[in-house]
1. What's the angle, to the nearest 10 degrees (0 to 90), between helix 384-394's Cα axis and the longest principal axis of the chain?
2. So if I take the centroid of the Cα atoms in the range 370-403 and the same for the range 98-129, what is the distance between those two points in Å?
3. Of all the Cα-Cα pairs you can form in the range 262-320, what percent are over 20 Å apart?
4. Can you find, among 182, 38, 416, the residue sitting farthest towards the positive end of the charge dipole of the chain, where Lys and Arg contribute +1 and Asp and Glu -1 at Cβ?
5. In deg cm²/dmol, rounded to 500, what helix-only [θ] at 222 nm does the chain give when every DSSP H run of at least 4 residues adds -39500 (n - 2.57) and the total is split over its residues?
6. Which net charge results for the neighbourhood of residue 232, defined as the other residues with beta-carbon distances under 12 angstrom from its beta-carbon, given Lys and Arg at +1 and Asp and Glu at -1?
7. What percentage of all Cα-Cα pairs in the range 392-490 are separated by more than 17 Å?
8. For the range 308-348 and the range 194-240, compute the distance between their C-alpha centroids and round to whole Å.
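The values are calculated or read from the model by the stated rules, or taken from the named source; none is laboratory data. If you're wondering where the values come from, they're calculated on a predicted model, not measured in any experiment. Neighbour counts are summed over all protein chains in view; Cβ atoms, including those assigned to glycine, are modelled from backbone coordinates with ideal geometry. Only protein heavy atoms, including side chains, enter the accessible area calculation; ligands, DNA and RNA are left aside. Shrake-Rupley method; radii C 1.70, N 1.55, O 1.52, S 1.80 Å.
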Amino acid sequence: MKFRILIASALAVAVVLGGCGLVKKEKPTLTILLRMMPAQERFLREEIVPNFEKENSCVVKIANFDNEWDIERLLKLDAGKKKPDIDLVKTPFEQTRVLASKGYMQDLFGVMDSDHVMMDLAEYHALASGLGYFDNKPYYIPRKLETRIMFYRKSMVADAVAKFDGLKKQINDDLKKLNGYGLPKDYALEADPSQWDFYDVYVAGKIWASVDYNGVKMGRIAHRGAHYGGTALDLIDKALQLGATKDDVLKLTSDKALETFLWEAIFVKEGVYNLSMWQDKWKGTDLYNGIKDGKVFLTFVQQIDCFNIHGWPDDPGMPGYLPDANDFGLAGMPLAVSFDLKSDGTPAFVGKKAISTGGWWWGIPKASSHKKLAYQFSRFITNRENQAKECSRFGMIPVRKDVLNNLPEVFAQGWVGDIFKTSVDQIKTNDLTTVPLTPSYTPISQLYVDAWYALCVDGAVVPNAKVDKATLKAALISGFEAKEKEALGAH
C-alpha cells in the first residue's frame with residue numbers, strides 16, 4: 001500500500017512538472033502594432049498569421065494604432081512596463097529614423113548574426129533596404145515602397161475639357177484679380193492629365209465647381225484633411241515638387257513652403273477644393289466615399305487607395321467606390337509651377353513632378369521580448385509568395401527584387417497593370433527624393449497641418465481676405481515662428 005502511494009505521488013509530481021508530455025509548454029505570444037485597411041488586415045489575420053503560428057508554434061496578436069504620430073508615445077509607454085508587450089511595429093518611413101535615433105528600435109545586428117541579416121537584406125531592392133539604415137546599421141526589414149499618384153474620373157476630365165472654352169473668360173478674369181495676369185500665356189487645358197501642371201488642376205477644378213452636377217455646385221478636388229501624417233505629407237510633397245530642399249521643408253517661411261500655402265489658400269478661396277475635406281477631417285476612406293458620391297473627381301492617392309477605389313468585382317470585402325469602373329483614370333503627379341506669373345505670362349519658376357518616396361518597414365522595438373520571432377515574422381510576410389500575393393491583391397509596390405523584376409508575370413494587366421506602371425514610373429521620377437530624415441520632421445509636419453488650417457482654411461475663407469505670399473509669411477511668423485523654433489530646438 002505504501003509503495004502504491006509513493007508511485008502515485010511520483011506521478012502527480014511528474015504531471016505538475018510537465019513530465020510525460022502531459023503539460024504543454026506555453027506558446028510565445030508575438031504582438032504586432034500596426035495600422036491597415038480593414039480588408040488588408042483581414043488578409044493578414046486569415047492568410048498570413050495562421051500559417052506563421054503553425055510553422056513557429058506561437059500565438060500572434062494584432063494591436064492597432066490610429067495615428068502614426070502616436071507610435072513613439074505607445075513605444076515609450078510599453079518600454080516602461082515590467083513586461084513589454086509590443087514585439088514588432090509596422091513603421092511608416094517618416095518615423096523610422098526618429099524612433100531609431102531615440103533608442104526605441106533595435107538594430108537588426110542585435111537580433112541576428114550580421115552575415116545572416118545581410119544575406120536576407122540582399123533579397124530586397126537596394127532603395128528599400130537602404131532606407132532602413134541608421135548610423136550605418138540596418139534597423140528595418142522593408143515591407144513596401146509607397147508614393148502618390150493622381151486619380152481622376154476620365155468622364156469628368158473629358159467634360160472639363162469640353163466646357164473649357166465656354167468658361168475660359170470667367171476663369172481668366174477671376175485669376176487676373178489673384179495673380180495680376182490671368183491664365184498663363186497660350187493656355188490650353190490638355191485632354192491628357194499626364195501632361196498637366198498645377199494650373200491645369202486649378203482650371204479643371206474651377207470648371208467642376210462652376211457646373212451643376214446632379215443639381216449641386218461644389219468643389220470636386222480633394223486631398224486628406226485630418227490632423228494626421230497623411231495630410232502633412234500632401235502638403236510637404238507639394239513643397240518638394242515646387243523645389244524645396246529638405247532644409248526648406250523644415251522652415252515654414254521658406255520660399256517654396258510659402259508657395260505651397262499660397263496654392264492651397266487659392267484652391268480653398270476659389271472653391272476648387274471640396275470643403276468637407278477640412279470640415280469633416282477627411283482621411284483615405286472619406287476620399288473613397290467622396291468619389292462614390294460624386295463629390296470628388298480628382299485626388300492624390302497611394303497604390304492601395306487605387307485598389308480600394310476600383311475594387312475587386314469578386315471580393316465582397318473590396319466592393320469599389322466608382323459608379324463605373326471604366327471611369328478609372330491614373331496619371332503621375334502634375335508639374336509644379338509657381339502661382340505668380342511673369343509679365344510675359346509664363347510661370348515665375350517651374351518645379352518638377354517628383355514627390356517623396358516612402359513606404360512602410362517592419363521594426364523591432366528594443367524592449368521586445370521576442371526579437372528573433374519578430375524578425376522571422378517580418379521575413380515570413382515578405383517572402384516571395386506572400387509578398388506577391390499581398391501586392392497583387394492590394395496594390396502595394398513590392399520591395400523584393402524577385403517580384404519587382406518580374407512584374408508582368410506577377411501582376412495582371414489592365415487596371416491592375418496601370419496602377420503598378422504609373423506608380424513605378426512615379427518612383428523613378430522621384431529618384432531619391434524623401435522627406436527630411438531628422439527627428440524634427442514629426443513636430444514640423446504637425447505644424448504644417450496646423451498652419452494649413454490657420455492660413456489656408458480659416459484665413460483664406462474670410463471675405464475679402466488678401467491671399468499672397470507676403471500676407472501668408474506675416475501670418476506664419478506671428479503664429480508659428482516660435483513653435484517652429486521650439487520643434488527644431490527640441491531635437
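1. 40
2. After rounding, the separation between the Cα centres reads 15 Å.
3. Within the range 262-320, distances greater than 20 Å cover 32 percent of Cα pairs.
4. 38
5. Details: 22 runs with 230 residues, N = 491.
Theoretical 222 nm ellipticity from helices: -14000 deg cm²/dmol.
6. Working: positive: 224, 238; negative: 68, 94, 234, 237, 450.
For residues surrounding residue 232, the net value is -3.
7. Values: 3270 of 4851 pairs.
Here the long-distance tail beyond 17 Å is 67 percent of all Cα pairs in the range 392-490.
8. 9
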